[in-house]
Amino acid sequence: MKEKIEIVQGDITKLAVDAVVNAANNTLLGGGGVDGAIHRAAGPELVAECSSLGGCETGDAKITRGYRLPARHVIHTVGPVWHGGTKGEPELLRSAYRRCFQVAHENGIKSIAFPAISAGVYGYPMDKACEIAMTEAKKALENYPELEKVVFVPFSEGALKVFQETFRNVFP
Ligand code: ADP
């Protein structure tokens, strides 16, 4: 199962997978960080489709087309803002990953790429966020046999190291 996981440092907007995940905000109308990068690369059709979706609750996920991205779809999810960890943040981050995998399954998606949801502007500690990302990927690979590839996309060298170490712990 661990051979279905890849860790690729760089820009998630360049990846030709069935779906890239966007770490969006509740409006789904675009923002900074990876959200801004995805909207810039996908073109204005993306925000047009997003504006018909009625936003997204924290911990939920919604799918759109990918437009000018090499990825066919975008799965928009909203992770929690980190407030120290006692405001339900771990459950909400788990839910965000779980909903992404569910929506992927419902749409026949076989390859999916994730940024480090919540670990940018939303302030979630990278090591804790990675642990949740990897353990939810493991569960999804157990539950959804059609899933062929799960790509994690750390943006920085530091994030890459954390993803690699977490991978070794979760997939010994
Ligand atoms: P959030 O608001 O959920 O924290 P951010 O976009 O601020 O979302 O950050 C999430 C993670 O995505 C951060 O680790 C950030 O460095 C990373 N990131 C930013 N741009 C890109 C990109 N183009 N590709 C992949 N990851 C990115």
Exposure ranking of D127, D18 by accessible area [1.4 Å probe, largest first] | D127, D18
Estimated FRET transfer efficiency (E142, E165; beta-carbon r; R0 25 Å; 0.05) = 0.70
Mean Kyte-Doolittle of at least -1.0 and a Cα length of 24 Å or more along the axis: which whole DSSP H helices of the chain meet both?
-> 89-106, 126-143
Which pairs, out of K87/K149; K14/K87; K62/K138; K87/K110, put more than 29 Å between their alpha-carbon atoms?
-> K87/K149; K14/K87; K87/K110
Taking all pairs of different Cα atoms in the range 1-135, averaging 1/r and flipping that mean, what Kirkwood radius in angstroms comes out?
-> 14.7 Å
One finds, for H83 and T27 with R0 = 22 angstrom and r their Cβ-Cβ distance, a FRET efficiency to the nearest 0.05 of 0.65
Could you pull out every residue, at least 5 positions away or on a different chain, whose amide H is within less than 5 Å of the one on H73? Hs are placed 1.01 Å off N in the peptide plane, and Pro or chain starts have none.
-> A19, V20, G66
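The values are calculated or read from the model by the stated rules, or taken from the named source; none is laboratory data. Since the model is a prediction, treat every value here as computed from it, not as a measurement. All Cβ positions, even for glycine, are placed from backbone atoms using ideal geometry, and neighbour counts span all protein chains on display. Calculation scope for accessible area: heavy atoms of the full protein, side chains included, ligands and nucleic acids excluded. Shrake-Rupley method; radii C 1.70, N 1.55, O 1.52, S 1.80 Å.
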